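The values are calculated or read from the model by the stated rules, or taken from the named source; none is laboratory data. Owing to the predicted nature of the structure, the values given are computational and were not obtained by experimental measurement. Here Cβ is always computed from backbone atoms with ideal geometry, including for glycine, and neighbour counts include all displayed protein chains.
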Amino acid sequence: MTRRLFECGGDNSGAVAPTVALSLVALIAVGGIAFDYARLASMDTELQNAADQAALAAASQLDKKAGACSRADAAAQTLVANQTRFANDGNASGLAITIPSEPNCDATGNVRFYQDKAKTTPATTDAEARFVEITVNSRQANYALTPIAGAFSSGALAATAYAGMGSAICKIPPLMMCNPNPGQPFDPDAWRGKGLKLFMGGGNSWGAGNFGWLDVGATNNGTPDQQVAIGMDSPNTNCVADAGVDVDTGVSASVLDALNVRFDIFQNGWGRNTCFPHAACSPAYNTTKDLMRMHAPSANSCGIANAEWRLPPDADQYVASNAAGDDAQVTLMGYPMDICHYPAGGGCGTTNARFGNGAWRRDIYFLKNHPSMSDATGSNWQAATGLGAAASRYDFYRWEQNVSGVGNSNGARPQPTAAYDFNGNANDGTYTQHGRPVCKPPGLLPGGAQPDRRIIAAAIGDNCAQLTGSSTSLNVIAWAEVFLVQPSLARPAAGVDANEIYVEIIGRANPTGSGAAAQVVHRDVPYLIE
């Protein structure tokens, strides 16, 4: 009997039961917290993914055109449908993650627009809106097991994302120019057909209307790289970013020799003697210009320095003699500047004299370049060409190239009436104006995969006053396509410096370019910032 009592008292096989029973409460609490935390984390991920996708969808509409803000708002709400599988708050929207409609350009509410990445300057217009911040409507999760720890729901949870439109410009020369009206929006489409007189800038001398070159990311900074980028048909250079792009400060004026190859002018074989006659740096198909070339030059004589290409004598070239643009003595004429840009042209205004007004003598140009189609004064140019009364130089260029042909069968313009020898006795030959290339024919006809060699896309910068060397990136506010009107050389009678470029604004650069279906200008990609 005693032995059995001792055996009964020594049985401890159920001793852990109370411990297990007591720990179950803690284990259930910990498990409940883990379960509900996982649910909460998953819902937060769903909300953040929805905010990210909505911000990217909204940023894809920020093209600076009319209605950009309202389109961005609509895209944020409808372009991507997002749901939360972990919210169980009985919200009237069900599983949908929603964003309130706020189509106005401002920086308030759940859809906010900004001009800069740092969110220091709110956007108030479609043209200013470059970045967008999206906050989705809040949701909550009702806890399943965590109430044992005294909490019953997650509370309101929301998510915010910030995105912008990243743009790059590719396959074109990296020209930049300063906003001619600093601090003001620049809409290239509003200036179509206007001449623009650009001056070489650099160092600490940048000002309104200056031009320069963007860093193309090639091996060597400066003139050699820019000559390749500007002169070659297909330069192997990087795309240039829309924002945060650097200005190439190591460029000399001689880089304009590379620009002139587009006009069939090859200065000493061009640059480093790599481009003429065999390398791939071709002129445009239509190289109409205000220069003439001697009849019997030596081989590879296609430069300006040795007078292979020349201006006509002062008395015979077109230089507007008054505000009406008259010039009775002109014999040969290329595409001219706006009348107001000539010394006697009356001036282009006081706001910014580098902008022209699009007024030039279309009748004189037509008479001198197409005499077989012209009446005695050239006033029938509209009827003969089908162009409008305000036709631009680019319109004439396109008409000559595609409709009338350029020059006669060998590309020569009508023969001048005199043997032009205006450089003493250096040469006794005559000179002829040409519409098609004669140094490196036949030139590149735009279309298909070939961009037009007389068109350049230019970045318009609005912080040129702050450009000091390469320490400050250019703030690009727009991209414009411009038509190269004249080669770069000094024209003393016309008041033109050798370091200037005269262009005509075609309009806003677009993804296909003007005149060539495959002329890639922009590559736009929305990207998340935060």
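What to note about this one:
- From the list Ala328, Ala344, Ala305, Ala324, the one residue that fits, being within 19 Å of Gly193 (Cβ to Cβ) and among the aliphatic types (A, V, I, L, M), is Ala324.
- Filtered by the rule that a residue be surrounded by 21 or more Cβ atoms within 10 Å (Cβ to Cβ) and either under 20 Å from the mean Cα position of the chain (by Cα) or in contact (Cβ under 8 Å) with a residue 40 or more places away in the chain (or both), the stretch 67-80 gives Ala68, Cys69, Ala72, Ala76.
- Test for Arg130: is it modelled with pLDDT of 80 or more and either touching a His at 6+ places or on another chain (Cβ under 7 Å) or crowded, with 22+ Cβ neighbours inside 10 Å (or both): yes
- Qualifying residue in the stretch 357-369 (condition: surrounded by 14 or more Cβ atoms within 10 Å (Cβ to Cβ), closer than 20 Å to Ile506 by Cβ and among the aliphatic types (A, V, I, L, M)): yes
- The listed residue being under 32 Å from the mean Cα position of the chain (by Cα) and modelled with pLDDT under 85, out of Leu444, Leu467: Leu467
- If you go through the stretch 116-127 and pick out every residue that is modelled with pLDDT under 85 and surrounded by 15 or more Cβ atoms within 10 Å (Cβ to Cβ), you end up with 2.
- Residue match in the stretch 229-236 (condition: at pLDDT below 65, surrounded by fewer than 16 Cβ atoms within 10 Å (Cβ to Cβ) and farther than 30 Å from Tyr527 by Cβ): no
- Per-region count, the stretch 319-341, residues in contact with a helix residue (DSSP H, G or I) (Cβ under 9 Å, 6 or more places away or on another chain) and assigned to a loop (DSSP other than H, G, I, E, B): 15
- All positions within the stretch 384-405 that are within 16 Å of Asp338 (Cα to Cα) and more than 27 Å from the chain's Cα centre (by Cα): Ala389
- Residue in the stretch 404-426 that is in the same structural domain as Ala328 (by the TED database), modelled with pLDDT of 75 or more and either closer than 20 Å to Leu291 by Cβ or not acidic (Asp, Glu) (or both) present: no
- Screening Val251 with (1) in contact with a helix residue (DSSP H, G or I) (Cβ under 7 Å, 6 or more places away or on another chain); (2) modelled with pLDDT of 65 or more; (3) among the hydrophobic types (A, V, I, L, M, F, W, C); (4) assigned to a loop (DSSP other than H, G, I, E, B) gives one miss only, at (2).
- For first residues located in the stretch 45-66 and more than 12 Å from Thr160 (Cα to Cα), partners that are assigned to a helix (DSSP H, G or I) and of a type in the set (Asp, Glu) and lie 6+ apart or on another chain with Cβ distances below 8 Å form the pairs Ala58/Asp73.
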